[in-house]
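Trainee: For reference, the structure I am asking about is given below.
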Number of protein chains: 2
Amino acid sequence: MHHCWLNGKITDVASAPFHFNDLGVLRGYGLFDYFRTYNGRPFQWDWYWERFERSARILRIPCPVTQQETRQIVSELFALQGGEDCAFRFLLTGGFTGDSISMHTPNFIIISEDLHHDAPGEHEKGIRVMTYDFVRDLPMLKSTDYKHLLILRHEFGERGVTDVLFHKDGYISELSRSNVFIVNGNKLITPHENILEGITRRTVLELARPDFEIELRPVTLQETLEAEEVFTTSTTKRVLPITGIDDRVIGSGRIGPKSQILLDRINDLVRSW
Amino acid sequence: MHHCWLNGKITDVASAPFHFNDLGVLRGYGLFDYFRTYNGRPFQWDWYWERFERSARILRIPCPVTQQETRQIVSELFALQGGEDCAFRFLLTGGFTGDSISMHTPNFIIISEDLHHDAPGEHEKGIRVMTYDFVRDLPMLKSTDYKHLLILRHEFGERGVTDVLFHKDGYISELSRSNVFIVNGNKLITPHENILEGITRRTVLELARPDFEIELRPVTLQETLEAEEVFTTSTTKRVLPITGIDDRVIGSGRIGPKSQILLDRINDLVRSW
């Protein structure tokens, strides 16, 4: 059973006291982060914490606990759910409000969650995505704002896609919850603006550096459609090929050799984490 | 004491069952509306309901009750708080989710709230606002997304302002939660794009039509700064002069004669509602 820590108290998730009178609910004033353990250890813990703190600073919500205190809470929650690898969600909101707008004390919640498991064959077949003309508001911030994704998700079934690729003025930025890379020859290219700086993106860039020529720069939608390989990176997906964009097949329509190399490297890394 | 209706059950507000595992919290997937009663009757009820339904359609969250059922609930909550004039908030979210992303059953909450009371002299002195280069995401939708306002509010004190005027590419749109009008001679001018179509805006346009020349069109920040009078309209503010924008005094720095006419008209209307 999963537990959560909410403002100093641990309860099972279902019993956690909460109220809609929270600025996260009433005013969308909230941020989160999401990471997982491998072999019982939080993956890239320092990097996730750094990003979480940065989001909190941008939103100007003070984080009520330190990194070290939080690490201790994560350990307790990890033990409570049985010591199997799991995911953790941090949720930091403006807290309960008396007048629907003024902030007093933030609500900070740490939740253990089931892991996302890969669908069979997903990494070989890759995924198909739709394009959407949009750039996220405050993209460097891991806010809770996923309005556009939630609206678009209603169309995913009929379009035969599982995610959306945001682009604006001819340039791509990211999928709804993950970063995008393109591969051409020995070049590994990924946008450096209008994105959330993913921890898996950072990990993959480190793993690729010895053998790839890396370009962090604006990436057009057109070159994405014409790339030899395209893949996305996230905590749950690691390196996941994008083999279809709208009605266009990308590359061979299966995982490409360079994506396979990077997937193998991150799989090796997490196995021995 | 205020009560609320949540998915079919009325409780006092403090006891309402809720959980952070709601798409409104986790994904900012929520909308609201807000209106008040005068003489016990919801002001412009049909117009508020129409807007609420439109917001729900845009976000693709099905509203679980009809206008007539909702009117009945509002009456019950009105009686429970003692039959004095009050405000009502509708909150409609994507509902509780099993996987932090999939929608099942929306959460619809109707809450009675205390009225906002005018600060003494506020309508004569007017308010001062800061400008901010921004246009709301999906502005026609009364979503719960007020991130930018909540970030900026931290600066209001030191800047001596109480609200923010959004402008983009030289054109104004709205304050954070209310519409903006400018007056020049007999012309009443207000933006028609990138705004939430306020119910008080619509009411004021009706009240003004017999005696003003009305222009619904893009309005530049420059003409706003140079206007004879500027005011804002909202459910709580009715017609409230804007007498300062950043460091600039607008008009006489007090309520102008045309704003006073429109304030008097809406005050007359609500007195006899």
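Yes or no, residue by residue, for (1) in contact with a strand residue (DSSP E or B) (Cβ under 7 Å, 6 or more places away or on another chain); (2) surrounded by 12 or more Cβ atoms within 10 Å (Cβ to Cβ); (3) farther than 26 Å from residue A:59 by Cβ:
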residue: A:96; (1), (2), (3): yes, yes, no
residue: A:100; (1), (2), (3): no, yes, no
residue: A:103; (1), (2), (3): no, yes, no
residue: A:109; (1), (2), (3): yes, yes, no
residue: A:113; (1), (2), (3): yes, yes, no
residue: A:120; (1), (2), (3): no, no, yes
residue: A:125; (1), (2), (3): yes, yes, yes
residue: A:132; (1), (2), (3): yes, yes, no
residue: A:135; (1), (2), (3): yes, yes, no
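Trainee: Is it the case, given these coordinates, that residue A:218 is touching a residue at least 60 places away in the same chain (Cβ under 8 Å) and touching a strand residue (DSSP E or B) at 6+ places or on another chain (Cβ under 8 Å)?
Mentor: For residue A:218, the condition - touching a residue at least 60 places away in the same chain (Cβ under 8 Å) and touching a strand residue (DSSP E or B) at 6+ places or on another chain (Cβ under 8 Å) - is not met.
Trainee: Do we have residue A:35 as under 22 Å from residue A:198 (Cβ atoms), more than 9 Å from chain B (Cβ to nearest Cβ) and outside any loop (DSSP other than H, G, I, E, B) here?
Mentor: So residue A:35 passes the test.
Trainee: Exactly one condition in (1) within 13 Å of chain B (Cβ to nearest Cβ); (2) closer than 29 Å to residue A:261 by Cα is false for residue A:135; which is it?
Mentor: The one condition residue A:135 does not meet is (2).
Trainee: Check the range B:239-249 and report whether any residue there is buried (at least 22 other Cβ atoms within 10 Å of the Cβ) and not β-branched (Val, Ile, Thr).
Mentor: Scanning the range B:239-249 turns up at least one residue that is buried (at least 22 other Cβ atoms within 10 Å of the Cβ) and not β-branched (Val, Ile, Thr).
Trainee: Filter the range A:102-132 for residues that are polar (S, T, N, Q) and within 14 Å of chain B (Cβ to nearest Cβ); which is nearest to the chain's Cα centre (by Cα)?
Mentor: Among those that are polar (S, T, N, Q) and within 14 Å of chain B (Cβ to nearest Cβ), it is A:112.
Trainee: Also, quick follow-up: Hey, does the range B:228-246 have a residue that's at positive phi, in a strand (DSSP E or B) and modelled with pLDDT of 95 or more?
Mentor: Scanning the range B:228-246, I find at least one residue that is at positive phi, in a strand (DSSP E or B) and modelled with pLDDT of 95 or more, so the answer is yes.
Trainee: For residues that are closer than 21 Å to residue B:150 by Cβ and in contact with a Cys (Cβ under 9 Å, 6 or more places away or on another chain), tally how many sit in the range A:1-24.
Mentor: Final tally of qualifying residues: 1.
Trainee: Given the residues A:45, A:49, which is the only one that is among the aromatic types (Phe, Trp, Tyr), more than 12 Å from chain B (Cβ to nearest Cβ) and without any contact (Cβ under 8 Å) to a residue 24 or more places away in the chain?
Mentor: So the residue among A:45, A:49 that is among the aromatic types (Phe, Trp, Tyr), more than 12 Å from chain B (Cβ to nearest Cβ) and without any contact (Cβ under 8 Å) to a residue 24 or more places away in the chain is A:49.
Residues checked against (1) aliphatic (A, V, I, L, M); (2) over 21 Å from the mean Cα position of the chain (by Cα); (3) outside any helix (DSSP H, G or I):
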site: A:46; (1), (2), (3): no, no, no
site: A:49; (1), (2), (3): no, no, no
site: A:55; (1), (2), (3): no, no, no
site: A:64; (1), (2), (3): no, yes, yes
site: A:74; (1), (2), (3): yes, no, no
site: A:91; (1), (2), (3): yes, no, yes
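Trainee: How about the range B:121-199: which strands (runs of 3 or more DSSP E) wholly inside it have at least 3 residues that are closer than 30 Å to residue B:29 by Cβ?
Mentor: Output list reads B:127-133, B:163-168, B:171-175.
Trainee: Output the number of residues of the range A:247-273 satisfying the condition of being of a type outside the set (Lys, Arg) and in a loop (DSSP other than H, G, I, E, B).
Mentor: Total satisfying the criteria: 9.
Trainee: Could you list all residues from the range B:141-174 that are more than 13 Å from chain A (Cβ to nearest Cβ) and either within 15 Å of the chain's Cα centre (by Cα) or without any contact (Cβ under 8 Å) to a residue 24 or more places away in the chain (or both)?
Mentor: Listed by number, the residues that qualify are B:158, B:165, B:169, B:173, B:174.
Trainee: Of all residues in the range A:6-32, count the ones that are within 14 Å of another protein chain (Cβ to nearest Cβ) and more than 30 Å from residue B:136 (Cβ to Cβ).
Mentor: 10
Trainee: Looking at A:81, A:72, A:67 in this structure, which one is at pLDDT 95 or above, more than 14 Å from chain B (Cβ to nearest Cβ) and touching a helix residue (DSSP H, G or I) at 6+ places or on another chain (Cβ under 7 Å)?
Mentor: Of the residues listed, the single one that is at pLDDT 95 or above, more than 14 Å from chain B (Cβ to nearest Cβ) and touching a helix residue (DSSP H, G or I) at 6+ places or on another chain (Cβ under 7 Å) is A:67.
Trainee: Return the total of residues in the range B:38-72 being closer than 18 Å to residue B:196 by Cβ, surrounded by fewer than 22 Cβ atoms within 10 Å (Cβ to Cβ) and β-branched (Val, Ile, Thr).
Mentor: Result for the range B:38-72: 1.
Trainee: Considering the range B:79-104 alone, what residues qualify as being farther than 18 Å from residue A:28 by Cα and touching a residue at least 12 places away in the same chain (Cβ under 8 Å)?
Mentor: Matches in the range B:79-104: B:80, B:81, B:83, B:85, B:86, B:87, B:88.
The values are calculated or read from the model by the stated rules, or taken from the named source; none is laboratory data. The structure presented is a predicted model; accordingly, all values stated were derived computationally and were not measured. Cβ atoms come from the backbone with ideal geometry, glycine included; neighbour counts cover every protein chain shown.
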